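Engineer: Structure below; questions to follow.
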Amino acid sequence: MTAASIQTRAAVLRAMGAARPYADSRPLAIEAVTLDPPGPGEVLVGVRAAGLCHSDLSVINGDRPRPLPMALGHEAAGVVEAVGPGVDDLRIGDHVVMVFMPSCGHCGPCAGGRPALCEPGAAANGEGRLLTGGRRLTDAGGQTLNHHLGCSAFAGRAVVSRRSVVRIDPELDFAHAALFGCAVLTGVGAVVNTAAVRAGQSVVVIGLGGVGLASVLGALASGAAPVVAVDLSEDKLALARGLGPVLTVNAADPDVVDQVRALTAGGADFAFEMAGSARALDSAWRMTRRGGTTVTAGLPPPEAALAVNIVSLVAEERTLKGSYIGTCVPSRDIPRYVDLFRQGRLPVDRLMSGRIALDDINAGFDRLADGEVVRLVVEF
């Protein structure tokens, strides 16, 4: 089934690097936009909830440049309103979560079981188009708008590739469901997929945003012990302690590395850097024990670099790993994580800081940039 061109409202970024506060400079303009109907292999989604993530913020502030103008937003959930030709496994009314890395299913990484590294998907995201090719958004003046990570979810509706959505339980709250598309996939996946943490192994997580706290949840669900959380915010450290048996250390303490090594009997089996900071990654490396693994899912500016002592890497058999979208297989992992949530073993709802309207999105990004919130969710 297809539909005629659709009118909706979207948060559009036309220039990066706006001055703070964003509530005044308003880098995201809420504009009337037109969506083409879904083409072959595409789906029209009525967006119900979309989370504010540092990956959005890094485009707004210019840390991770993207082609402009662009309709932002990538962590979202909604309802299928129409399907394009060739889409026969989704129906109107299905509830879906958006996934910000579409996978073609045929390239080398996809064929090897690593869809998070899909080569055509990465190329499409970098160019601001859909995996299916081209762009489906125009503004009121007829100018074509780029898609953010194949989603452009800060909008009432979005046309996306079928490969960018996973069907979910319709009983799940949309605001909670949205978090599974980025924070949960990335944070939990880094623990259970990338690192394959086992019960009884020690874990430290640096950076307690949505992804970092999801990593804490993943470590707890995996039976890791001890689990140590590190951040500059006492409020976020308190939130981490409230998730379960979690030890905390303030990152501002000058002896933070020594404290973590003491709490983990000489260093953690696994250290996860989720702050998007080269300095934090260096700390994570130094918190990791001999034979241990340091994992980073943070995305600092492209010029950021890390100096590693090669002798330690070799003589201590250390491992340094990157993790993108939690090394996920979305169609497998999202239903699994939702089941854990329903069992009370993955309380994703604890990551939510509040619900806001689309018109308040610029002020919301001020709060995210200031570290006041974990996840704000725009509701439509």
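Engineer: Restricting attention to region 221-251, which residues are small (Gly, Ala, Ser) and either within 22 Å of Ser277 (Cβ to Cβ) or surrounded by 13 or more Cβ atoms within 10 Å (Cβ to Cβ) (or both)?
Structural biologist: Ala221, Ser222, Ala224, Ala225, Ala229, Ser233, Ala238, Ala240, Gly244, Ala251
Engineer: At pLDDT 95 or above and within 22 Å of Arg64 (Cβ to Cβ): does that describe Val348?
Structural biologist: No.
Engineer: Can you tell me how many residues in region 279-313 are of a type outside the set (D, E, K, R) and modelled with pLDDT under 95?
Structural biologist: 15
Engineer: How about region 277-300: which of its residues are over 15 Å from Gly326 (Cα atoms) and either surrounded by fewer than 19 Cβ atoms within 10 Å (Cβ to Cβ) or out of contact with any strand residue (DSSP E or B) (no Cβ under 7 Å at 6 or more places or on another chain) (or both)?
Structural biologist: Passing the criteria: Ser277, Ala278, Arg279, Asp282, Arg286, Arg289, Arg290, Gly291, Pro300.
Engineer: Can we say Val160 is open to solvent by less than 20 Å² (accessible area, probe 1.4 Å) and out of contact with any helix residue (DSSP H, G or I) (no Cβ under 9 Å at 6 or more places or on another chain)?
Structural biologist: Here the answer is yes, as Val160 does meet what is asked.
Engineer: Would you please name the residue that is surrounded by the fewest Cβ atoms within 10 Å (Cβ to Cβ), looking only at residues in region 317-372 that are in a helix (DSSP H, G or I) and among the hydroxyl-bearing types (Ser, Thr, Tyr)?
Structural biologist: My answer is Ser331.
Engineer: Something else about it: For region 184-217, enumerate the residues that are among the aliphatic types (A, V, I, L, M) and open to solvent by 10 Å² or more (accessible area, probe 1.4 Å).
Structural biologist: Val192, Ala195, Ala196, Val197, Ala199, Ile206, Val211
Engineer: Can you name the residue in region 99-138 that is assigned to a loop (DSSP other than H, G, I, E, B) and small (Gly, Ala, Ser) and is also least open to solvent (accessible area, probe 1.4 Å) among such residues?
Structural biologist: Going through the qualifying residues, I end up with Gly128.
Engineer: Let me ask something else about it. Which of the residues that make up region 7-59 are open to solvent by 10 Å² or more (accessible area, probe 1.4 Å), farther than 18 Å from Pro69 by Cβ and assigned to a strand (DSSP E or B)?
Structural biologist: Arg48
Engineer: Same structure, new question: Can you pull out the residues in region 252-265 that are surrounded by fewer than 22 Cβ atoms within 10 Å (Cβ to Cβ) and either in contact (Cβ under 8 Å) with a residue 24 or more places away in the chain or touching an Asp or Glu at 6+ places or on another chain (Cβ under 6 Å) (or both)?
Structural biologist: Matches in region 252-265: Val256, Val257, Arg261, Leu263, Ala265.
Engineer: Output the number of residues of region 75-96 satisfying the condition of being assigned to a strand (DSSP E or B), open to solvent by less than 10 Å² (accessible area, probe 1.4 Å) and farther than 30 Å from Val211 by Cβ.
Structural biologist: 1
The values are calculated or read from the model by the stated rules, or taken from the named source; none is laboratory data. Small disclaimer: the values here were computed from a predicted structure and weren't measured. Quick reminder, even Gly has a Cβ in these numbers, built from the backbone with ideal geometry, and neighbours come from all protein chains shown. Keep in mind that these areas ignore ligands, DNA and RNA; they rest on the heavy atoms of the full protein, side chains included. Shrake-Rupley method; radii C 1.70, N 1.55, O 1.52, S 1.80 Å.
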